[in-house]
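Quick notes on the structure that follows.
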Amino acid sequence: MADDLFGCFAYATQSGFRAFELSVGKEFWTTTKSRWLFGIDYGRTDPRALREIAERPNTEVKIFDGTFVVARPGFAPRRDFHAKVTMLLNSKTKVQGIVLGSGNFSNNGLRRSIEAGSSIIAKNKADIDQHIKSVRSVFDELWKSASPLDAVAASYEERLADLIGERDTARPTKAAASTKGFWIEAGYVTKNRGPDKPGNQIFAPNGFRKFFGLKKSKGSSTNIGAITFTTEVGPKVTKNYRENDNGMEKMTLPMPEEHGFGVYDGKVLVFKQDGKDFMLTAMELEDFELVYGHRILNVQKMSGGRRFGGLI
């Protein structure tokens, strides 16, 4: 088993971090030394994913050409960092491995999308020299010149938030026609189903129930109502919608792994009325912007920074 990992990816998302950790288990971080080289080209990488990885033990995170890219308009790189490669080493046996693929460090790239890849295990010096040494040497050199995460993280978070804010303020606050749906950023999803399963409960702002046509419960009951979800994968599911003791509302969602979502972490949840039910999709932020960016309405922000709004 490898005890040293060097992962290089063009971008990272919260869903990728959660999918990876669920797959390897939290003990991975204490038993494996890991280095991570990510790109932030065009602002595609979620800074929260970088922070999550960097907070784990035995890890070091760097950003390819980070000092330059973080200062560029729109985070445009001078040379795209498009790698998707992981190198592994067992320090006792000296066996090395390499995984080359097309998938990025996102749930889609790691689990859901149709990707292509190859893995090689080299058990002796001849195999290592032939199949791994040249690749590792290139990325070791890139690592040496890359920017430590701490050197660019704060600026990246601030400038990315400003960029997103500029887009949001340019969007309409009133619909010219009836709204077609609504959305909310899931953010970090608590592991309400245990440490080895993806969570399926998120907090919504007080009053979010109105999007579902629900009214505040009377009396001491915390149950507001029930929502029936339809999804592209799996049967209809009815879940409770409740008030929470922190002044927010708690939404229970379909089991993500049973409905083609993998995880909800870091994704944008989109709801569209389907008769009396609600059609649910969960998308990476970049995909959401591509599909719905021109239809986003009345963007609002929760105290923790997560956004929500309508769709026209």
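The values are calculated or read from the model by the stated rules, or taken from the named source; none is laboratory data. Note that this is a predicted model, so its numbers are computed, not measured. Virtual Cβ from ideal backbone geometry, glycine too; neighbours counted across all protein chains shown.
Give the residue that is surrounded by the most Cβ atoms within 10 Å (Cβ to Cβ), with candidates limited to residues of the stretch 211-238 that are of a type in the set (D, E, K, R) and more than 19 Å from Pro254 (Cβ to Cβ). Write out each step before concluding.
Of all residues in the stretch 211-238, those of a type in the set (D, E, K, R) come to 215-216, 218, 232, 236.
Filter again for more than 19 Å from Pro254 (Cβ to Cβ), leaving 215-216, 218.
Details: Lys215: 9, Lys216: 12, Lys218: 6.
Out of the qualifying residues, it is Lys216.
Within the stretch 118-149, the only residue that satisfies the criterion of being in contact with a Gly (Cβ under 6 Å, 6 or more places away or on another chain) and within 17 Å of Thr86 (Cα to Cα) is Ile121. Filtering Ser113, Ser91, Ser102 for residues that are without any contact (Cβ under 8 Å) to a residue 40 or more places away in the chain and either in contact with a strand residue (DSSP E or B) (Cβ under 8 Å, 6 or more places away or on another chain) or not small (Gly, Ala, Ser) (or both) leaves a single hit, Ser102.
Exactly one residue out of Val270, Val263 is among the hydrophobic types (A, V, I, L, M, F, W, C), more than 22 Å from Lys180 (Cβ to Cβ), modelled with pLDDT of 95 or more and surrounded by 15 or more Cβ atoms within 10 Å (Cβ to Cβ), and it is Val263. Considering the stretch 259-295, and only residues there that are in contact with a Pro (Cβ under 9 Å, 6 or more places away or on another chain) and of a type in the set (Gly, Ala, Ser), the residue that is nearest to Thr190 (Cα to Cα) turns out to be Gly262.
Go through the stretch 58-100 and give me each residue that's aromatic (Phe, Trp, Tyr) and either under 14 Å from Tyr11 (Cβ atoms) or buried (at least 18 other Cβ atoms within 10 Å of the Cβ) (or both). Listed by number, the residues that qualify are Phe64, Phe75, Phe81.
Looking for something at pLDDT 95 or above, exposed (fewer than 15 other Cβ atoms within 10 Å of the Cβ) and part of a helix (DSSP H, G or I) - is there at least one such residue anywhere in the stretch 35-54? No, every residue in the stretch 35-54 fails to be at pLDDT 95 or above, exposed (fewer than 15 other Cβ atoms within 10 Å of the Cβ) and part of a helix (DSSP H, G or I).
All of Gly234, Gly247, Gly199, Gly225 fail the test of being small (Gly, Ala, Ser) and either in contact with a Ser or Thr (Cβ under 7 Å, 6 or more places away or on another chain) or touching a residue at least 60 places away in the same chain (Cβ under 8 Å) (or both), apart from Gly199.
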